[in-house]
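First the structure, in the form of structure tokens, and then the observations on it.
The values are calculated or read from the model by the stated rules, or taken from the named source; none is laboratory data. Since this is a predicted model, take the numbers as computed values, not measurements. Note that we place each Cβ from the backbone using ideal geometry, even for glycine, and neighbour counts take in every protein chain shown. For accessibility, only protein heavy atoms count, side chains too; no ligands or nucleic acids. Shrake-Rupley method; radii C 1.70, N 1.55, O 1.52, S 1.80 Å.
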Amino acid sequence: FTLAVTPIRVVCQNTLTIGLGRAKQKWTLRHTSNVAGRIQEARESLQLTYAYADIFSREMSALLDQSFTDEQFAQLTAELVPESQSEHEGWQQQVIDKRAQLTQLFCEADTQEFGRGTKYAALNAVTEWADWYLPVKGDDTGGVKRATRLMDGGVVQQIKSKAYAALV
């Protein structure tokens, strides 16, 4: 059981990943017979507050209020997916393909219709790409590897955090 202070209302894996990644404090306990008393202890130790949610709401509103051009997004994708240092043509093509996927999500995807052309849409495009387009090594029948990677944070969370920091 994990209790975390986060401004994210979890409705899917994306929001869970962002919420856990942005959590200021986390408190974890194993499921035992005295778990109920421990939950109250967690609430007190984490000092849950609405102020944190208000700050996050203001941050997202600010991103929504700031325009973000295709050129600015291209610069962001260059930071997130840097040029390959390999001379192997396949690696160079992977960089081109990843950047093209990101650009398509920002410029054309229905999922970015709300807020299109803003920093908010840029963040959401990067989040969608990291969660659903970033390749998973090996066979991922049923999406188990992708789901595990999302829960573990790692490279997916690093990409999202880097994009968030660049946009805020």
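Can you give me the Cα centroid spacing of segment 114-129 and segment 140-168 in angstrom?
16 Å
For Rg/Rh (Cα atoms, Kirkwood Rh), which listed value, [x] 0.98; [y] 1.03; [z] 1.30, comes from the coordinates shown?
Answer by label: [y].
Once neighbouring chains are kept in place and the probe is 1.4 Å, which whole percent of the accessible area of the chain is contributed by carbon and sulfur?
53 percent
What does the net charge come to around A130 if you take all other residues with beta carbon closer than 11 Å to its beta carbon, with K and R at +1 and D and E at -1?
+3
Give me the angle, in degrees from 0 to 90, between the Cα long axis of helix 70-80 and the longest principal axis of the Cα atoms of the chain, rounded to the nearest 10.
70 degrees
For the chain, give the magnitude of the charge dipole about the Cα centre (Cβ charges: +1 Lys/Arg, -1 Asp/Glu; no others), in debye to the nearest 20.
900 debye
Counting each DSSP H run of 4 or more residues in the chain as -39500 (n - 2.57), what helix-only mean residue ellipticity at 222 nm follows after dividing by all residues, to the nearest 500 deg cm²/dmol?
About -20000 deg cm²/dmol.
If packing is taken as the mean number of other Cβ atoms within 10 Å per residue, what is the order of 11-20, 77-86, highest first?
Top to bottom by mean Cβ count within 10 Å: 11-20, 77-86.
Please compute the contact order of the chain in relative form: average sequence separation of alpha-carbon pairs under 8 Å and at least six residues apart, divided by the residue count, as a percent.
Across the chain, relative contact order equals 24 percent.
What aspartates and glutamates does K26 reach when the alpha-carbon gap must be under 14 Å and sequence neighbours fewer than 8 apart in one chain are set aside?
In chain and number order, the partners are E41, E44.
Calculate how steeply helix 119-132 sits against the longest principal axis of the alpha-carbon atoms of the chain, using the helix alpha-carbon long axis, and give the answer as 0 to 90 degrees to the nearest 10.
It works out to around 90 degrees.
Take peptides 62-70, 98-106 and line them up by average Cβ neighbours within 10 Å, highest first, as a rough protection proxy.
Taking the mean over residues of other Cβ atoms within 10 Å, the ranking is 98-106, 62-70.
Return one whole number: the accessible area per residue of segment 110-168 in Å², for a 1.4 Å probe.
It amounts to 53 Å² per residue over segment 110-168.
Could you tell me which of rounded, prolate or oblate describes segment 79-168, using a ≥ b ≥ c as the square roots of the eigenvalues of the alpha-carbon gyration tensor, with rounded for a/c under 1.5 and, failing that, prolate when a/b is larger than b/c and oblate otherwise?
Oblate is the answer for segment 79-168, as a/c is 1.5 or above yet b/c matches or exceeds a/b.
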